[in-house]
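Student: Would you mind keeping the following structure in view while I ask a few things?
A short reminder: the numbers here are calculations on the coordinates, not readings from a lab. Please read these numbers as outputs of a predicted model, since none were measured by experiment. Here the Cβ positions follow ideal geometry from the backbone for every residue, glycine too, while neighbour counts run over all protein chains shown.
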Amino acid sequence: MTQRDPFGSEAPLVDMAEFPSWIVFEDDALLILNKPGWLVCHPSKDGPLSSLVGAVRTYTNLEKLHLVARLDRETSGLVIIAKRPSVARKFQMAIQERKVDKEYLAIMDGALEKEIEVKQSIAHRPNGLVKIKNHVSDDRTAKSAVTVFEPLLKNDDYTLARVLPETGRKHQIRVHAEWLGHSVVGDKIYGKDESLYIEFIEQGWTERLNEHLAMKRQALHCHKYHFNFPDGAVSFEAPLAVDMDLFCRENFSEDYTLSI
C-alpha cells in the first residue's frame, strides 16, 4: 500500500499482497470478502487497484464478475462477488425476495437504552448542502424502510449496536440512526454537521474533521449474511474491522467481543 492516508479524500491503491487476507470464502462460484472501510466497490478512473472490483479482477484474472451486493466506501465488511451469472442471480433473487438475514455492527453516538424497531419511510432530500443525502420523509416518493437497533454495549458517550435492516434502502441504517438521534460515529453526512462531508471531499482529512469526528470513517460494518435457500441455508461472517475493534477496546471493556 502507498503512504497515502487510506481515509483521505483519495484512497490508496490496493496492496495485492494484503488482498488474500480479506478473503472470507472462495470457491469456483463465489468470492466473499471482508472489505476495508476506505475502499470503493465499483471501478474508478484511477486504475484497477483503486477499487474492490478492480482488485478482484487482478486476483482472479476474470474480466466478468458480478457484484451481488455493494457497500459504501466507508462501510466495511461483507461483499459478495459471484463468478458466474447464474450464481449472481441466485443470490440477488434471495435479496430481492427478502430470503436473507443481514446483520451489521455499528458504533453510535450516545447511549441507546433499549432495542428499537424503526419503521420510517425514506426519500431523497430535495434541498440541502449534500446532494446525495436521504432523510426520513412522508413524501409520496418515500419508500418504506425498517431497521432494528439492538444495543450490545453502551456508556454515556457511545453504543455498540447490532443492526438488522429488514429492507435495503440507500443509506438506510445511517438515515434511521440520525432520525433516532444516535448517528453512526464518524458519519460525515448523517452526523452533526454535514458541511464536514463537503470539506472532506474538497480537502481530505482536516484538523476541523479531526476535532469533530471520533473516527475517520463511519463506524458501520456488514457483519453477517444468512441466505435461506430452498436447497439449504448459507451463511457468511466477517470479523469486525480493525479500526472499529480498536475503538471498542478503547471505549468499552476489552471483553466486548463476547457481546457480538
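Student: Is region 5-85 rounded, prolate or oblate when judged by the Cα gyration tensor, a ≥ b ≥ c being the square roots of its eigenvalues, rounded requiring a/c under 1.5 and prolate requiring a/b larger than b/c?
Tutor: Verdict is prolate for region 5-85.
Student: Scan around residue 30 for amide H atoms under 5 Å from its own, H built in the peptide plane at 1.01 Å from N, and keep only partners 5 or more places away or cross-chain.
Tutor: 83
Student: Return the long-range amide H neighbours of residue 166 (sequence gap of 5 or more, or a different chain), with a cut-off of under 5 Å between placed amide H atoms.
Tutor: 146, 147, 148
Student: Moving to a separate point now. How big is the charge dipole of region 1-97 about its Cα centre, in debye rounded to the nearest 20, if each Lys and Arg gets +1 on its Cβ and each Asp and Glu gets -1 on its Cβ? Intermediate results must be reported in sequence, preceding the final value.
Tutor: Working: 11 positive and 12 negative charges, 76 e Å.
Charge dipole of region 1-97: 360 debye, to the nearest 20.
Student: Straight-line reach from residue 224: which aspartates and glutamates have a Cα under 17 Å away, not including same-chain ones fewer than 8 places off?
Tutor: Straight-line reach from residue 224, under 17 Å: 26, 72, 101, 103, 150, 166, 237, 245.
Student: Using a Förster radius of 51 Å, what is the FRET efficiency between residue 179 and residue 23 based on their Cβ-Cβ separation? Nearest 0.05, please. Mind dumping the intermediate values first?
Tutor: On the way: r = 36 Å, r/R0 = 0.70.
Working from the Cβ atoms, E equals 0.90.
Student: List the relative contact order of region 25-158 as a percent without decimals, with contacts defined as Cα pairs under 8 Å and 6+ residues apart. All intermediate terms of the calculation are to be shown ahead of the outcome.
Tutor: Working: 203 pairs, mean separation 25.9, N = 134.
Relative contact order of region 25-158: 19 percent.
Student: Could you derive backbone 3J(HN,Hα) for region 134-139 from the dihedral phi with the Karplus parameters 6.51, -1.76 and 1.60 (θ = phi - 60°), listing whole Hz in sequence and x where the residue is Gly or Pro?
Tutor: For region 134-139, the Karplus curve yields 9, 7, 5, 7, 10, 4 Hz.
Student: Out of 130, 164, 145, whose Cα points farthest toward the positive end of the dipole of region 119-167 (charges: +1 Lys, Arg; -1 Asp, Glu; placed on Cβ)?
Tutor: My answer, from the dipole projection, is 130.
Student: Using a simple spin-label model with points 7 Å from Cα along the Cα→Cβ vector, what separation in nm is obtained for residue 42 and residue 86?
Tutor: Calculated label separation equals 2.9 nm.
Student: Note down the magnitude of the dipole of the chain about its Cα centre, charges +1 on Lys and Arg C-beta and -1 on Asp and Glu C-beta and zero elsewhere, to the nearest 20 debye. Could you put the intermediate results ahead of the total?
Tutor: Numbers: 33 positive and 39 negative charges, 256 e Å.
With only Lys, Arg, Asp and Glu charged at Cβ, the dipole is about 1220 debye.
Student: Could you give the nm distance between label points at residue 170 and residue 111, where each point is 7 Å from its Cα heading toward the beta carbon?
Tutor: Between residue 170 and residue 111, the simple spin-label model gives 3.7 nm.
Student: May I pose another question? At 222 nm, what value in deg cm²/dmol follows for the chain if DSSP H runs of at least 4 each add -39500 (n - 2.57) and the sum is divided by all its residues, to the nearest 500? Walk me through the numbers on the way to the answer.
Tutor: Numbers: 6 runs with 55 residues, N = 260.
Mean residue ellipticity at 222 nm (helix-derived): -6000 deg cm²/dmol.
Student: I've got another one for you. Give a residue-ordered list of calculated ³J(HN,Hα) values for region 109-123 (Karplus: 6.51 cos²θ - 1.76 cosθ + 1.60, θ = phi - 60°; whole Hz; x for Gly, Pro).
Tutor: Going residue by residue, I get 5, x, 9, 8, 6, 8, 4, 9, 9, 9, 10, 9, 5, 10, 9 Hz, with x marking Gly and Pro.
Student: Right, something else. When only Cα pairs under 8 Å and 6 or more residues apart are kept, what is the percent relative contact order across the chain? Walk me through the numbers on the way to the answer.
Tutor: Numbers: 537 pairs, mean separation 50.6, N = 260.
It rounds to 19 percent for the chain.
Student: Can you classify region 120-200 as rounded, prolate or oblate using the Cα gyration tensor, where a ≥ b ≥ c are the square roots of its eigenvalues, rounded means a/c under 1.5, and otherwise it's prolate if a/b beats b/c and oblate if not?
Tutor: Numbers: a/c = 2.48, a/b = 1.17, b/c = 2.12.
Here region 120-200 falls in the oblate category.
Student: Can you order the peptides 165-172, 212-219 by their average number of other Cβ atoms within 10 Å per residue, highest first?
Tutor: Numbers: 165-172: 17.2, 212-219: 21.2.
Going from most to least packed, we get 212-219, 165-172.
Student: Sticking with this structure for a sec: Counting other C-beta atoms within 10 Å, which of 202, 194 has the fewest, and how do the rest follow? It would help to have the intermediate numbers written out before the result.
Tutor: On the way: 202 9, 194 17.
In order of increasing Cβ crowding within 10 Å: 202, 194.
Student: Here's another thing I want to ask about it. Apply the Karplus parameterisation 6.51 cos²θ - 1.76 cosθ + 1.60, with θ equal to phi minus 60°, to every residue of region 56-69 and state each ³J(HN,Hα) to the nearest whole Hz, in sequence, with x for glycine and proline.
Tutor: 5, 4, 5, 5, 8, 6, 9, 7, 9, 10, 10, 7, 5, 8
Student: Please give, to one decimal in nm, the separation of the simple spin-label points placed at residue 155 and residue 99, each 7 Å out from Cα toward the Cβ.
Tutor: Result for the modelled spin labels: 4.5 nm.
Student: Mind giving me the FRET efficiency for residue 235 and residue 124? R0 is 35 Å, r the Cβ-Cβ distance, nearest 0.05 is fine. All intermediate terms of the calculation are to be shown ahead of the outcome.
Tutor: Numbers: r = 33 Å, r/R0 = 0.95.
Result of the calculation: an efficiency of 0.60.
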